[in-house]
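The structure appears right after this line, and notes come after that.
The values are calculated or read from the model by the stated rules, or taken from the named source; none is laboratory data. Computed from a prediction, not measured in an experiment: that's the story for all the values here. Glycine also receives a Cβ, built like all others from the backbone with ideal geometry; neighbour counts cover every protein chain displayed. The protein model used for the area step is the full one, side chains on, heavy atoms only, and it has no ligands, DNA or RNA in it. Shrake-Rupley method; radii C 1.70, N 1.55, O 1.52, S 1.80 Å.
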Amino acid sequence: MVKNKALWSATLAFFLIIQTVYFWEGKTGLFAFPITIGLCIFYLILFFLLIQQLVLLTKKKFKEKHRIYIGSTLAIVLISTAFFPSGIIDFEKFEGKDILIAGWTGSAGCTTILKFKENGKLYKRVACFGIKTMNSRYYIKNDTIFFVNNIDSKSEDQYQFAIIGKSRLSWNNRDGLFSYKTKNDSLPNELIIVYNKSTLKKRYKN
């Protein structure tokens, strides 16, 4: 009975951890990688326990109801995790509809993604030896995006505005999003635009 309670608790805990990834992932920082490894090990242990339950059920000719319940629950949790590793519910969609998405994967597999929402919200996700997420706001004036609350206020990458121009990184002629720290910034940060339903027009800054 104690073993059954422990298995139920472990299954429920794993399910809740996976379903709430959106809320805690961006706060893990450098611990993101070891946490991911830990969850993978947790998944494999639960998978092994599912096999064990199925073997015992077969020996008992599926007569033990408690094993049927825990086995079915384990199977549902493991299958849903395999198909939805970041949770069944995409909580980010509740932040607003995307109108512009730009991103880039640089050296060492470091990835940056910016998502501009229809309601003026801005979501940023950086995965580089850890995961960091930030939320802010923006507004569009003519052909320029202005950052209202600096999304990188605690870092040296404090951008004031961004424009769309011809990408120097894309191999298939996609547009680029160039973020500037000041009007005189000669080395803007560039991300490749992968989705654009905004009113922004392309322009070049000399």
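What nm distance separates the two modelled labels at Ile88 and Ile51, each placed 7 Å from Cα along Cα→Cβ?
2.6
For each pair in Lys3/Lys132; Lys117/Lys166; Lys5/Lys132; Lys27/Lys117; Lys27/Lys166, compute the distance between the two Cα atoms and list the pairs where it is over 31 Å.
Details: Lys3/Lys132 37 Å; Lys117/Lys166 22 Å; Lys5/Lys132 35 Å; Lys27/Lys117 22 Å; Lys27/Lys166 34 Å.
Correct reply: Lys3/Lys132; Lys5/Lys132; Lys27/Lys166.
Calculate what fraction, in whole %, of the accessible area of the chain sits on carbon and sulfur atoms when a 1.4 Å probe is rolled over the protein chains.
Details: 8250 of 13310 Å².
C and S fraction of accessible area: 62 percent.
Given a Förster distance of 41 angstrom, what is the FRET efficiency for Tyr195 paired with Ser72, based on the Cβ-Cβ distance and rounded to 0.05? Each step should come with its number before you reach the end.
On the way: r = 39 Å, r/R0 = 0.95.
After rounding, the FRET efficiency stands at 0.55.
Roughly speaking, what is the stretch gain from Lys65 to Lys166, that is 0.36 nm per residue apart minus the C-alpha to C-alpha distance, in nm to one decimal? Please list the in-between numbers first.
Values: separation 101, 0.36 × 101 = 36.36 nm, distance 6.32 nm.
Full extension of this stretch gives 30.0 nm more.
Quick one: Kirkwood hydrodynamic radius for the chain, alpha-carbon pairs, angstrom, one decimal?
Values: mean 1/r = 0.0500 Å⁻¹.
For the chain, inverting the mean 1/r across all distinct Cα pairs yields 20.0 Å.
Suppose R0 equals 22 Å. What FRET efficiency, 1/(1 + (r/R0)^6) with r the Cβ-Cβ distance, do Thr182 and Arg137 give to the nearest 0.05? Kindly include the intermediate steps, with their values, before the conclusion.
Working: r = 20 Å, r/R0 = 0.91.
Rounded to the nearest 0.05, the efficiency is 0.65.
Compute the whole-percent fraction of alpha carbon pairs in the range 4-116 spaced more than 25 Å apart.
Values: 2416 of 6328 pairs.
Percentage above 25 Å: 38.
In sequence order, what are the phi-derived ³J(HN,Hα) couplings for the range 94-102 according to the Karplus relation 6.51 cos²θ - 1.76 cosθ + 1.60 with θ = phi - 60°, rounded to whole Hz, with x for glycine and proline?
Taking θ as phi minus 60°, the curve returns 6, 6, x, 7, 6, 10, 8, 10, 9 Hz for the range 94-102.
If exposed chymotrypsin sites (Phe, Trp or Tyr not before Pro) are those in a DSSP loop with at most 16 other Cβ within 10 Å, what is the longest stretch of the chain that has none? Provide the component values of the computation, followed by the final result.
Working: sites that count: Phe31, Phe62, Phe129, Trp171, Tyr204.
By the stated rule (loop sites, at most 16 other Cβ atoms within 10 Å), 63-128.
May I ask which residue of Ser80, Thr182, Ile18 lies farthest towards the positive end of the charge dipole of the chain, with charges of +1 (Lys, Arg) and -1 (Asp, Glu) on Cβ and the Cα centre as origin?
Going by the charge dipole, the pick is Ser80.
Heavy-atom accessible area per residue, the chain, 1.4 Å probe: how many Å²? Show your work: numbers first, answer last.
Working: 13310 Å² over 206 residues.
Per residue, the chain has 65 Å² of solvent-accessible surface.
Summing -39500 (n - 2.57) over the DSSP H runs of n ≥ 4 in the chain and dividing by its residue number, what mean residue ellipticity at 222 nm do you reach, to the nearest 500 deg cm²/dmol? Please list the in-between numbers first.
Numbers: 4 runs with 69 residues, N = 206.
Estimated from H runs of four or more residues: -11500 deg cm²/dmol.
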